[in-house]
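Working notes, structure below.
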Amino acid sequence: MCRHRGNRIVRADDGNAKNFMCSYHGWTYSNEGKLVSVPGLQEAYYGELDVDNLGLVPVAHLESYAGLVFATWAEDAPTLEEYLGDMRWYMDIWFNRRDSGVELIGPDKWVGKFNWKNSTDNFIGDMYHAILSHRSALLARAQSLGVPAAPLSYSRPGNQVSPGNGHGCFAGIYDTPEDYYRRNAVNEDSPLMEYNKSIYDEMLRRLGPSRAHRIGPEHSSVFPNMSWLPNGTVRIWHPRGAGETEVWSFTFVDKAMPEELKRLWRVQCMQSFGPSGLLEQDDMDNWRNSSEAGRSLVARKTPNVISMGAGHEWDNPELPGLSVPNTFSEINQRSMYKRWQEFMDAKSWGDISIDPITATFEGTATMKG
(Lines give C-alpha, C1' and ligand atoms only; values in the text may rest on other atoms or scores of the structure.)
Protein backbone atom coordinates (compact mmCIF):
# COMPACT_ATOMS: atom_id res chain seq x y z
CA MET A 1 0.00 0.00 0.00
CA CYS A 2 1.36 3.41 -1.03
CA ARG A 3 1.66 5.87 1.85
CA HIS A 4 0.62 8.81 -0.33
CA ARG A 5 -3.01 7.97 -1.16
CA GLY A 6 -3.15 4.32 -0.15
CA ASN A 7 -3.17 3.02 -3.72
CA ARG A 8 -2.39 -0.61 -4.53
CA ILE A 9 1.17 -0.98 -5.78
CA VAL A 10 1.50 -4.58 -7.01
CA ARG A 11 -1.14 -5.52 -9.56
CA ALA A 12 0.21 -8.76 -11.03
CA ASP A 13 -0.58 -12.16 -9.51
CA ASP A 14 2.93 -13.51 -10.10
CA GLY A 15 6.33 -12.62 -11.53
CA ASN A 16 9.35 -10.61 -10.34
CA ALA A 17 10.33 -6.94 -10.43
CA LYS A 18 13.07 -4.78 -8.95
CA ASN A 19 10.77 -1.80 -8.43
CA PHE A 20 7.05 -1.12 -8.13
CA MET A 21 5.53 2.20 -9.22
CA CYS A 22 2.24 3.59 -8.01
CA SER A 23 0.05 4.26 -11.06
CA TYR A 24 -1.58 7.24 -9.33
CA HIS A 25 1.31 9.66 -8.73
CA GLY A 26 4.40 7.65 -9.65
CA TRP A 27 5.89 7.05 -6.23
CA THR A 28 8.23 4.11 -6.77
CA TYR A 29 9.34 1.46 -4.27
CA SER A 30 12.06 -1.17 -4.32
CA ASN A 31 11.19 -4.84 -3.91
CA GLU A 32 12.24 -4.40 -0.28
CA GLY A 33 9.57 -1.75 0.21
CA LYS A 34 11.86 1.31 0.31
CA LEU A 35 10.67 4.53 -1.34
CA VAL A 36 13.27 5.13 -4.07
CA SER A 37 11.69 7.76 -6.33
CA VAL A 38 9.19 10.60 -5.90
CA PRO A 39 8.29 12.70 -8.96
CA GLY A 40 8.74 16.41 -8.23
CA LEU A 41 10.56 15.75 -4.98
CA GLN A 42 12.41 19.07 -5.19
CA GLU A 43 9.80 21.12 -7.04
CA ALA A 44 6.61 20.01 -5.27
CA TYR A 45 7.97 19.01 -1.87
CA TYR A 46 10.87 21.48 -1.73
CA GLY A 47 13.11 18.50 -0.97
CA GLU A 48 11.54 18.26 2.48
CA LEU A 49 9.76 14.89 2.19
CA ASP A 50 10.96 12.27 4.72
CA VAL A 51 11.68 9.67 2.04
CA ASP A 52 13.55 7.30 4.37
CA ASN A 53 10.47 6.79 6.56
CA LEU A 54 7.81 6.54 3.85
CA GLY A 55 8.39 3.02 2.57
CA LEU A 56 5.58 0.52 2.05
CA VAL A 57 3.69 -0.51 5.17
CA PRO A 58 5.13 -3.89 6.25
CA VAL A 59 3.05 -6.74 7.61
CA ALA A 60 3.66 -7.50 11.27
CA HIS A 61 4.33 -11.21 10.72
CA LEU A 62 5.11 -13.17 7.55
CA GLU A 63 5.45 -16.95 7.79
CA SER A 64 5.16 -19.99 5.55
CA TYR A 65 3.90 -23.54 6.02
CA ALA A 66 4.19 -26.23 3.32
CA GLY A 67 5.07 -23.49 0.84
CA LEU A 68 1.86 -21.56 1.61
CA VAL A 69 2.49 -17.99 2.75
CA PHE A 70 0.49 -16.39 5.56
CA ALA A 71 0.71 -12.81 6.82
CA THR A 72 -0.97 -10.64 9.45
CA TRP A 73 -1.02 -6.95 10.31
CA ALA A 74 -1.42 -7.68 14.04
CA GLU A 75 1.72 -7.28 16.13
CA ASP A 76 0.31 -9.40 18.96
CA ALA A 77 -0.84 -12.31 16.76
CA PRO A 78 0.37 -15.84 17.62
CA THR A 79 2.92 -17.66 15.50
CA LEU A 80 1.67 -19.45 12.40
CA GLU A 81 2.45 -22.81 14.01
CA GLU A 82 0.26 -21.93 16.99
CA TYR A 83 -2.50 -20.54 14.78
CA LEU A 84 -2.68 -23.59 12.52
CA GLY A 85 -2.31 -25.98 15.45
CA ASP A 86 -3.41 -29.53 14.69
CA MET A 87 -4.66 -28.48 11.25
CA ARG A 88 -1.05 -28.87 10.07
CA TRP A 89 -1.40 -32.64 10.48
CA TYR A 90 -4.16 -32.65 7.85
CA MET A 91 -2.58 -30.03 5.58
CA ASP A 92 0.55 -32.16 5.24
CA ILE A 93 -1.36 -35.00 3.60
CA TRP A 94 -1.82 -32.89 0.46
CA PHE A 95 0.65 -30.02 0.64
CA ASN A 96 3.62 -31.79 2.23
CA ARG A 97 3.37 -35.33 0.91
CA ARG A 98 6.31 -35.08 -1.53
CA ASP A 99 9.83 -33.74 -1.13
CA SER A 100 9.27 -31.28 -3.98
CA GLY A 101 6.08 -29.83 -2.49
CA VAL A 102 3.20 -28.49 -4.57
CA GLU A 103 2.71 -25.74 -7.10
CA LEU A 104 -0.43 -23.65 -7.47
CA ILE A 105 -1.86 -22.82 -10.89
CA GLY A 106 -4.01 -19.71 -11.18
CA PRO A 107 -5.79 -17.86 -9.83
CA ASP A 108 -9.09 -17.62 -11.64
CA LYS A 109 -11.04 -14.75 -10.11
CA TRP A 110 -14.70 -13.82 -10.03
CA VAL A 111 -17.14 -12.00 -7.75
CA GLY A 112 -20.13 -13.85 -6.33
CA LYS A 113 -23.23 -12.36 -4.75
CA PHE A 114 -22.84 -14.14 -1.43
CA ASN A 115 -21.34 -13.61 2.00
CA TRP A 116 -17.90 -15.18 2.51
CA LYS A 117 -19.17 -17.18 5.48
CA ASN A 118 -21.52 -19.13 3.18
CA SER A 119 -18.60 -20.50 1.19
CA THR A 120 -16.37 -21.21 4.19
CA ASP A 121 -19.32 -22.90 5.92
CA ASN A 122 -19.72 -25.14 2.87
CA PHE A 123 -16.06 -26.12 2.50
CA ILE A 124 -15.36 -26.56 6.21
CA GLY A 125 -17.94 -29.24 6.87
CA ASP A 126 -20.92 -29.52 4.53
CA MET A 127 -21.06 -32.98 3.01
CA TYR A 128 -24.81 -32.90 3.68
CA HIS A 129 -25.61 -30.79 0.60
CA ALA A 130 -23.73 -32.94 -1.91
CA ILE A 131 -26.26 -35.77 -2.15
CA LEU A 132 -29.08 -33.44 -3.22
CA SER A 133 -27.44 -30.32 -4.68
CA HIS A 134 -24.84 -32.12 -6.80
CA ARG A 135 -26.77 -35.24 -7.70
CA SER A 136 -27.63 -34.34 -11.30
CA ALA A 137 -24.13 -32.95 -11.97
CA LEU A 138 -22.44 -36.05 -10.58
CA LEU A 139 -24.65 -38.35 -12.63
CA ALA A 140 -24.00 -36.34 -15.80
CA ARG A 141 -20.24 -36.30 -15.22
CA ALA A 142 -20.11 -40.06 -14.57
CA GLN A 143 -22.10 -40.70 -17.76
CA SER A 144 -19.81 -38.48 -19.84
CA LEU A 145 -16.74 -40.30 -18.50
CA GLY A 146 -18.29 -43.71 -18.97
CA VAL A 147 -17.84 -44.70 -15.33
CA PRO A 148 -20.33 -45.81 -12.66
CA ALA A 149 -21.79 -42.97 -10.64
CA ALA A 150 -20.48 -42.80 -7.09
CA PRO A 151 -23.03 -44.13 -4.60
CA LEU A 152 -24.79 -41.35 -2.73
CA SER A 153 -25.89 -42.35 0.76
CA TYR A 154 -26.49 -40.68 4.12
CA SER A 155 -24.80 -43.68 5.76
CA ARG A 156 -21.41 -43.09 4.12
CA PRO A 157 -18.63 -43.62 6.70
CA GLY A 158 -16.30 -40.78 7.57
CA ASN A 159 -15.34 -38.23 10.20
CA GLN A 160 -15.93 -34.52 10.51
CA VAL A 161 -12.96 -33.17 12.46
CA SER A 162 -12.49 -29.89 14.28
CA PRO A 163 -8.73 -29.49 14.94
CA GLY A 164 -9.31 -26.27 16.90
CA ASN A 165 -8.95 -22.52 16.29
CA GLY A 166 -11.94 -22.49 13.94
CA HIS A 167 -10.39 -24.82 11.35
CA GLY A 168 -12.12 -27.94 10.09
CA CYS A 169 -12.02 -30.85 7.64
CA PHE A 170 -13.50 -34.19 6.67
CA ALA A 171 -11.25 -37.19 7.27
CA GLY A 172 -11.96 -40.41 5.46
CA ILE A 173 -10.47 -43.61 6.88
CA TYR A 174 -9.76 -46.09 4.11
CA ASP A 175 -9.93 -49.83 4.72
CA THR A 176 -7.34 -50.79 2.11
CA PRO A 177 -4.44 -49.05 0.36
CA GLU A 178 -6.28 -49.58 -2.95
CA ASP A 179 -9.18 -47.46 -1.71
CA TYR A 180 -6.70 -44.78 -0.70
CA TYR A 181 -4.92 -44.84 -4.07
CA ARG A 182 -8.23 -44.46 -5.84
CA ARG A 183 -8.67 -40.88 -4.60
CA ASN A 184 -8.86 -38.50 -7.57
CA ALA A 185 -8.85 -41.50 -9.95
CA VAL A 186 -12.10 -41.77 -11.88
CA ASN A 187 -11.61 -45.49 -12.53
CA GLU A 188 -9.28 -48.41 -11.87
CA ASP A 189 -7.29 -47.75 -15.05
CA SER A 190 -6.70 -44.08 -14.35
CA PRO A 191 -3.04 -42.96 -14.58
CA LEU A 192 -3.66 -40.96 -11.40
CA MET A 193 -4.27 -44.16 -9.46
CA GLU A 194 -0.94 -45.56 -10.65
CA TYR A 195 0.70 -42.27 -9.76
CA ASN A 196 -0.68 -42.42 -6.22
CA LYS A 197 0.77 -45.91 -5.87
CA SER A 198 4.15 -44.80 -7.22
CA ILE A 199 4.67 -42.13 -4.55
CA TYR A 200 3.70 -44.36 -1.62
CA ASP A 201 7.24 -44.91 -0.31
CA GLU A 202 7.91 -41.19 -0.35
CA MET A 203 4.67 -40.44 1.47
CA LEU A 204 5.42 -43.17 4.00
CA ARG A 205 8.78 -41.58 4.76
CA ARG A 206 7.40 -38.06 5.04
CA LEU A 207 4.03 -38.67 6.69
CA GLY A 208 4.11 -42.04 8.41
CA PRO A 209 1.84 -45.04 7.75
CA SER A 210 -1.53 -43.68 8.85
CA ARG A 211 -1.43 -40.68 6.51
CA ALA A 212 0.35 -42.54 3.70
CA HIS A 213 -2.39 -45.08 3.07
CA ARG A 214 -5.20 -44.89 5.62
CA ILE A 215 -6.37 -41.37 6.46
CA GLY A 216 -7.23 -38.81 3.80
CA PRO A 217 -8.88 -35.40 4.29
CA GLU A 218 -11.38 -34.16 1.76
CA HIS A 219 -13.09 -30.76 2.17
CA SER A 220 -10.99 -28.52 4.44
CA SER A 221 -10.83 -24.90 5.62
CA VAL A 222 -8.33 -22.86 7.59
CA PHE A 223 -10.24 -20.16 9.43
CA PRO A 224 -11.30 -17.71 8.24
CA ASN A 225 -11.10 -17.81 4.45
CA MET A 226 -8.81 -20.48 2.96
CA SER A 227 -10.34 -23.73 1.69
CA TRP A 228 -9.31 -26.71 -0.43
CA LEU A 229 -10.54 -30.02 -1.81
CA PRO A 230 -8.64 -33.24 -2.63
CA ASN A 231 -9.23 -32.78 -6.38
CA GLY A 232 -6.74 -29.88 -6.36
CA THR A 233 -9.09 -26.96 -5.71
CA VAL A 234 -7.73 -24.21 -3.45
CA ARG A 235 -9.83 -21.18 -2.58
CA ILE A 236 -9.33 -17.81 -0.94
CA TRP A 237 -12.59 -16.04 -0.10
CA HIS A 238 -12.11 -12.25 -0.08
CA PRO A 239 -15.08 -10.35 1.42
CA ARG A 240 -16.15 -7.41 -0.71
CA GLY A 241 -18.93 -6.27 1.58
CA ALA A 242 -21.72 -8.11 3.37
CA GLY A 243 -23.22 -9.45 0.14
CA GLU A 244 -20.26 -10.00 -2.19
CA THR A 245 -17.20 -12.21 -2.17
CA GLU A 246 -14.27 -12.17 -4.58
CA VAL A 247 -13.20 -15.76 -5.20
CA TRP A 248 -9.56 -16.61 -5.92
CA SER A 249 -9.47 -20.15 -7.27
CA PHE A 250 -6.24 -22.14 -7.71
CA THR A 251 -5.43 -25.72 -8.67
CA PHE A 252 -2.65 -27.42 -6.73
CA VAL A 253 -0.55 -30.23 -8.18
CA ASP A 254 2.55 -32.03 -6.97
CA LYS A 255 5.48 -30.09 -8.38
CA ALA A 256 7.26 -33.33 -9.34
CA MET A 257 4.21 -34.83 -11.06
CA PRO A 258 4.70 -35.59 -14.80
CA GLU A 259 3.32 -32.83 -17.03
CA GLU A 260 0.69 -35.05 -18.64
CA LEU A 261 -0.67 -36.01 -15.23
CA LYS A 262 -0.71 -32.36 -14.18
CA ARG A 263 -2.86 -31.66 -17.21
CA LEU A 264 -5.20 -34.57 -16.39
CA TRP A 265 -5.46 -33.42 -12.75
CA ARG A 266 -6.27 -29.85 -13.85
CA VAL A 267 -8.91 -30.98 -16.34
CA GLN A 268 -10.66 -33.15 -13.75
CA CYS A 269 -10.57 -30.26 -11.30
CA MET A 270 -11.97 -27.81 -13.87
CA GLN A 271 -14.83 -30.17 -14.70
CA SER A 272 -16.04 -29.97 -11.12
CA PHE A 273 -15.00 -26.56 -9.77
CA GLY A 274 -13.99 -23.19 -11.13
CA PRO A 275 -15.78 -20.83 -13.55
CA SER A 276 -16.85 -23.73 -15.81
CA GLY A 277 -17.29 -26.40 -13.13
CA LEU A 278 -20.54 -28.34 -12.91
CA LEU A 279 -20.51 -28.48 -9.10
CA GLU A 280 -19.47 -24.83 -8.84
CA GLN A 281 -22.72 -23.72 -10.45
CA ASP A 282 -24.75 -25.60 -7.86
CA ASP A 283 -22.81 -24.08 -4.97
CA MET A 284 -22.89 -20.50 -6.26
CA ASP A 285 -26.65 -20.67 -6.70
CA ASN A 286 -27.16 -21.99 -3.17
CA TRP A 287 -24.82 -19.45 -1.57
CA ARG A 288 -26.37 -16.54 -3.45
CA ASN A 289 -29.90 -17.57 -2.47
CA SER A 290 -28.92 -18.06 1.17
CA SER A 291 -27.24 -14.65 1.31
CA GLU A 292 -30.14 -12.86 -0.37
CA ALA A 293 -32.79 -14.52 1.78
CA GLY A 294 -30.75 -13.89 4.92
CA ARG A 295 -30.97 -10.13 4.43
CA SER A 296 -34.70 -10.01 5.18
CA LEU A 297 -35.96 -8.75 8.53
CA VAL A 298 -37.56 -12.10 9.38
CA ALA A 299 -34.44 -14.07 8.46
CA ARG A 300 -32.25 -11.86 10.64
CA LYS A 301 -34.47 -12.75 13.61
CA THR A 302 -34.54 -16.47 12.84
CA PRO A 303 -31.62 -18.63 14.05
CA ASN A 304 -30.11 -21.20 11.71
CA VAL A 305 -30.04 -24.86 12.78
CA ILE A 306 -26.46 -26.17 13.08
CA SER A 307 -27.04 -28.94 15.61
CA MET A 308 -26.25 -31.96 13.40
CA GLY A 309 -24.02 -34.35 15.35
CA ALA A 310 -24.13 -32.30 18.55
CA GLY A 311 -23.50 -34.52 21.57
CA HIS A 312 -21.69 -37.16 19.49
CA GLU A 313 -18.21 -35.61 19.54
CA TRP A 314 -15.26 -37.66 20.75
CA ASP A 315 -11.47 -37.75 20.76
CA ASN A 316 -10.53 -40.26 18.07
CA PRO A 317 -6.96 -41.45 18.83
CA GLU A 318 -6.26 -41.62 15.07
CA LEU A 319 -7.41 -38.06 14.34
CA PRO A 320 -5.99 -34.98 16.09
CA GLY A 321 -8.79 -32.71 17.26
CA LEU A 322 -12.41 -33.29 18.23
CA SER A 323 -14.45 -35.30 15.77
CA VAL A 324 -17.87 -36.76 15.04
CA PRO A 325 -17.63 -40.27 13.50
CA ASN A 326 -20.03 -39.45 10.70
CA THR A 327 -19.70 -37.97 7.22
CA PHE A 328 -22.63 -35.72 8.03
CA SER A 329 -22.15 -33.40 10.99
CA GLU A 330 -22.06 -29.69 11.71
CA ILE A 331 -19.30 -29.78 14.32
CA ASN A 332 -17.10 -27.68 12.04
CA GLN A 333 -19.77 -25.08 11.37
CA ARG A 334 -20.29 -24.74 15.12
CA SER A 335 -16.54 -24.36 15.60
CA MET A 336 -16.27 -21.82 12.79
CA TYR A 337 -19.13 -19.56 13.94
CA LYS A 338 -18.00 -19.73 17.55
CA ARG A 339 -14.57 -18.62 16.40
CA TRP A 340 -16.02 -15.86 14.24
CA GLN A 341 -18.05 -14.56 17.19
CA GLU A 342 -14.92 -14.65 19.34
CA PHE A 343 -13.07 -12.52 16.78
CA MET A 344 -15.98 -10.06 16.54
CA ASP A 345 -16.06 -9.62 20.32
CA ALA A 346 -12.29 -9.37 20.82
CA LYS A 347 -10.41 -6.09 21.09
CA SER A 348 -7.02 -7.74 20.58
CA TRP A 349 -5.39 -11.16 20.24
CA GLY A 350 -5.17 -11.21 24.01
CA ASP A 351 -8.95 -11.79 24.06
CA ILE A 352 -8.77 -14.77 21.67
CA SER A 353 -8.03 -18.29 22.83
CA ILE A 354 -5.51 -20.50 21.03
CA ASP A 355 -6.00 -24.25 21.27
CA PRO A 356 -2.84 -26.16 22.21
CA ILE A 357 -1.09 -28.24 19.55
CA THR A 358 -1.67 -31.90 20.38
CA ALA A 359 -0.77 -33.76 17.19
CA THR A 360 2.24 -36.04 17.27
CA PHE A 361 3.74 -35.69 13.81
CA GLU A 362 4.87 -38.87 12.07
CA GLY A 363 7.40 -38.86 9.28
CA THR A 364 9.60 -35.89 8.45
CA ALA A 365 7.23 -33.27 7.00
CA THR A 366 8.30 -29.84 8.24
CA MET A 367 7.84 -26.16 7.52
CA LYS A 368 9.30 -24.99 4.24
CA GLY A 369 10.22 -21.39 3.42
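Considering only residues that are within 18 Å of I131 (Cα to Cα) and of a type outside the set (D, E), which ones fall in region 322-336? Talk me through it step by step, then tell me what you get.
Step one: of region 322-336, the residues within 18 Å of I131 (Cα to Cα) are 326-330.
Across region 322-336, the qualifying residues are N326, T327, F328, S329.
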Which listed residue, of V147, V161, is assigned to a loop (DSSP other than H, G, I, E, B) and open to solvent by less than 50 Å² (accessible area, probe 1.4 Å): V147
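Test R11 against the criterion of being surrounded by 13 or more Cβ atoms within 10 Å (Cβ to Cβ), part of a loop (DSSP other than H, G, I, E, B) and either of a type in the set (K, R) or touching a strand residue (DSSP E or B) at 6+ places or on another chain (Cβ under 8 Å) (or both), and give yes or no.
When the stated conditions are applied, R11 does not pass them.
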R339 vs (1) open to solvent by less than 70 Å² (accessible area, probe 1.4 Å); (2) in a loop (DSSP other than H, G, I, E, B): all pass except (2)
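For region 185-215, which positions are in a helix (DSSP H, G or I), hydrophobic (A, V, I, L, M, F, W, C) and modelled with pLDDT of 90 or more? It would help to see each step written out before you state the result.
Looking only at region 185-215, we keep the residues that are in a helix (DSSP H, G or I), and these are 191-198, 200-207, 209-213.
Right, trim to hydrophobic (A, V, I, L, M, F, W, C) and you get 192-193, 203-204, 207, 212.
Once the filter is applied, which keeps residues that are in a helix (DSSP H, G or I), hydrophobic (A, V, I, L, M, F, W, C) and modelled with pLDDT of 90 or more, region 185-215 yields M203, L204, L207.
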What pairs come up if the first residue lies in region 193-204 and is without any contact (Cβ under 8 Å) to a residue 40 or more places away in the chain and open to solvent by less than 60 Å² (accessible area, probe 1.4 Å), the second is in a helix (DSSP H, G or I) and of a type in the set (F, W, Y), and their beta carbons are under 7 Å apart, counting only those six or more places apart or on different chains? M193/Y181; N196/Y181
Return the total of residues in region 85-107 being open to solvent by 10 Å² or more (accessible area, probe 1.4 Å) and basic (K, R). 2
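Identify all residues within region 19-40 that are charged (D, E, K, R) and either surrounded by 13 or more Cβ atoms within 10 Å (Cβ to Cβ) or modelled with pLDDT of 95 or more (or both); write none if there are none.
Residue satisfying the conditions is K34 alone.
In region 225-246, what residues are touching a strand residue (DSSP E or B) at 6+ places or on another chain (Cβ under 8 Å) and part of a loop (DSSP other than H, G, I, E, B)? Even if it seems obvious, please write down each step before you answer.
Initially, region 225-246 is screened for residues touching a strand residue (DSSP E or B) at 6+ places or on another chain (Cβ under 8 Å), giving 225-230, 232-240, 244-246.
Hits for region 225-246 are N225, L229, P230, G232, R240, E244.
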Scan region 309-321 and report the pairs whose first residue is assigned to a loop (DSSP other than H, G, I, E, B) and whose second residue is polar (S, T, N, Q) and open to solvent by less than 20 Å² (accessible area, probe 1.4 Å), with Cβ atoms within less than 7 Å and a gap of 6+ or a chain change. G309/Q160; G309/S329; E313/S323; N316/N159; N316/S323; L319/N159; G321/S162
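I need the full set of residues from region 112-138 which are open to solvent by 60 Å² or more (accessible area, probe 1.4 Å) and either within 19 Å of T327 (Cβ to Cβ) or within 17 Å of the chain's Cα centre (by Cα) (or both), in order please. Spell out the reasoning first.
Going residue by residue through region 112-138, those that are open to solvent by 60 Å² or more (accessible area, probe 1.4 Å) are 113, 128, 132, 135-136, 138.
Across region 112-138, the qualifying residues are Y128, L132, R135, L138.
Among the listed residues E75, E63, E43, identify the single one that is open to solvent by 40 Å² or more (accessible area, probe 1.4 Å) and more than 25 Å from R8 (Cβ to Cβ).
Unique residue meeting the criteria: E43.
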Which residues, counting only those in region 123-142, are over 16 Å from G277 (Cα atoms), assigned to a helix (DSSP H, G or I) and out of contact with any Ser or Thr (no Cβ under 8 Å at 6 or more places or on another chain)? L132
Suppose the filter is in contact (Cβ under 8 Å) with a residue 60 or more places away in the chain and within 18 Å of A171 (Cβ to Cβ); does W110 pass it? no
Look at region 87-121 and say how many of its residues are under 24 Å from D201 (Cα atoms), of a type in the set (D, E, K, R) and in a loop (DSSP other than H, G, I, E, B). 3
Which ones in region 282-317 are surrounded by fewer than 13 Cβ atoms within 10 Å (Cβ to Cβ) and hydroxyl-bearing (S, T, Y)? S296, T302, S307
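Which ones in region 61-86 are in a strand (DSSP E or B) and either touching a Cys at 6+ places or on another chain (Cβ under 8 Å) or of a type in the set (D, E) (or both)?
E63
Condition check: surrounded by 11 or more Cβ atoms within 10 Å (Cβ to Cβ), assigned to a helix (DSSP H, G or I) and modelled with pLDDT under 90. Does M367 satisfy that? Explain how you work it out, then say what you get.
Details: surrounded by 11 or more Cβ atoms within 10 Å (Cβ to Cβ): yes; assigned to a helix (DSSP H, G or I): no; modelled with pLDDT under 90: yes.
No, not satisfied.
So that you can scan it fast, the table gives a plain yes or no per residue for (1) among the β-branched types (V, I, T); (2) farther than 17 Å from G158 by Cα; (3) at pLDDT below 90; (4) not in a loop (DSSP other than H, G, I, E, B):
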{"position": "P275", "(1), (2), (3), (4)": "no, yes, yes, no"}
{"position": "A299", "(1), (2), (3), (4)": "no, yes, yes, yes"}
{"position": "V305", "(1), (2), (3), (4)": "yes, yes, no, no"}
{"position": "N326", "(1), (2), (3), (4)": "no, no, no, no"}
{"position": "K347", "(1), (2), (3), (4)": "no, yes, no, no"}
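The values are calculated or read from the model by the stated rules, or taken from the named source; none is laboratory data. The structure displayed is predicted, hence computed values, not measured ones. Ideal geometry is used to build each Cβ from the backbone, glycine not excepted, and the neighbour counts take in all protein chains shown. We work out accessible area using only protein heavy atoms, side chains counted, and drop any ligands, DNA or RNA first. Shrake-Rupley method; radii C 1.70, N 1.55, O 1.52, S 1.80 Å.
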